[in-house]
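To start, the structure itself, in structure tokens.
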Amino acid sequence: MPVSENGLSSELLEELAALAAEKVHGGEGLRLMGEGGLLPELAQHLMQAALEAEMDEHLAAEAGRVGGRGSRSGGNMRNGYRAKKVMTEVGAVTVQVPRDRLGTFRPRLLPVHARRTGALDDLVLSLTAKGLTSGEIVSHLAQTYGMTTTKETISTITDKALESMAEWRTRPLDPVYPVVFIDAVHVKIRDGHVANRPVYVAVAVTADGYREILGLWAGNGGEGAKYWQTVLTEIKNRGVRDVLMLVCDGLSALPDAVNTVWPQTVVQTCVVHLIRASLRYASRRDWAEVARDLKPVYTAVNEEEARQRLADFDATWGKRYPSIAGTWQRAWSEFVPFLGLPDAIRQVVYTTNAIESLNARYRRAAQACGHFPNEQAALKRLYLATLALDPTGRGRQRWNNRWKSALNEFDVLFDGRLTAGRV
């Protein structure tokens, strides 16, 4: 008789289908999950059968060790049941956990103090990663699965991620990265009083062309170069011997901090950040024209042409918006490396959108909570949001496709440092 992957016979599946059809035709409707649902009832029977099988296996093993069952022969035997309510991913079920006379039975399906199945924990972690607050998850479980739980229980479940987060934040990294993007997202953390605190984010593109989030770090104050040097030093201590280019948003004193860690690294200001900084000085009605007239500056073939295009821009807009040209001039030394890059590399270091899209996800997750009680809670939330990124893997593949031509250019432009660092 044909069976499914889980061992269900076609006959059993047809009986279940007939039961579902009967309920629909009878006007009762078919409820799958939650109180009175079909799936919790099935889960209860299956779990009960599994517990009984585990007890039989346990008693048989002990009988083999001590010779026979029963207290008179020094063996073990059944000793009734105890009811246990368990939260599962399909709803709450109550099972009768068998007990043995010697108290040595430890069911694998439901450990002694477990009140939830592992699949439910995974569900809660997934909902948290997608931005739901503890209160929203409690409400969702009640409405969808008929479960009564608390915010404290949800917090206990998500705390399971702390150990894996610690391992993730200290994992070894690749010896060389072509590009590292850095930025900071600000979240509200209560430390005596609620204040905006930066969480530093570093995203690298690997030598194989994939995006990798290197870590999350909670800072104490502003987005300063001194703290970034601490972060980059930690990254180096995790095995990163070389970074070819580091792209940032133009933070002052950052190039010196970067070169203290990796002396050969080229620090590149994000061009889009410069454009946005320029538009802050312009009236909204002029944004399109200002952006159009700035384009010749960052698409110039060399520094000399870029300076001329900036002078042309200032001649056109300088009287109305004199601060825009000054914004580019102050960032010129970090902007200039961009002009010496091949087109394939320009396309990928043109902007920090790679990290800004990530920060947008982080902000949504943080704003849903309002503020966090402590630094660890904030990092946990953002770490879970990290795990929920790109579940289909399509984004990872798009990155790989975009970087293939650029990676070849990187190895040529940086004198083989990319290849040498991988040996």
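The values are calculated or read from the model by the stated rules, or taken from the named source; none is laboratory data. Note that the structure is a prediction, hence the values are computed from the model and not measured. Please note: Cβ atoms are built from the backbone with ideal geometry, for glycine as well, and neighbour counts cover all protein chains shown. Calculation scope for accessible area: heavy atoms of the full protein, side chains included, ligands and nucleic acids excluded. Shrake-Rupley method; radii C 1.70, N 1.55, O 1.52, S 1.80 Å.
Structure summary
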read-out: Accessible-area composition of the range 216-366, carbon plus sulfur, in percent [1.4 Å probe]; value: 48 percent
read-out: Spatial separation of Cα centroids for the range 171-225 and the range 254-319, in angstrom; value: 24 Å
read-out: Residue-count net charge about Ser283 - beta-carbon cut-off 13 Å; Lys, Arg +1, Asp, Glu -1; value: +2
read-out: Cα gyration tensor of the range 237-371 - equivalent ellipsoid semi-axes, whole Å, descending; value: 27, 22, 13
read-out: Cut-off 13 Å between beta-carbons: net charge of the residues surrounding Leu341, Lys and Arg +1, Asp and Glu -1; value: -2
read-out: The range 143-251 - accessible surface per residue (Å², probe 1.4 Å); value: 42 Å²
read-out: Net charge over other residues, Cβ less than 14 angstrom from the Cβ of Ala306 (K, R count +1; D, E count -1); value: -3
read-out: Arg381 accessible area, assembled protein chains, probe 1.4 Å, Å²; value: 20 Å²
read-out: Accessible surface, per residue, of the range 286-348 when the full set of protein chains is kept, probe 1.4 Å, Å²; value: 54 Å²
read-out: Extension gain from Glu136 to Glu152, taking 0.36 nm per residue of separation minus the Cα-Cα distance; value: 4.5 nm
read-out: Shape category assigned to the range 156-268 from the gyration tensor of Cα positions, a/c cut at 1.5; value: oblate
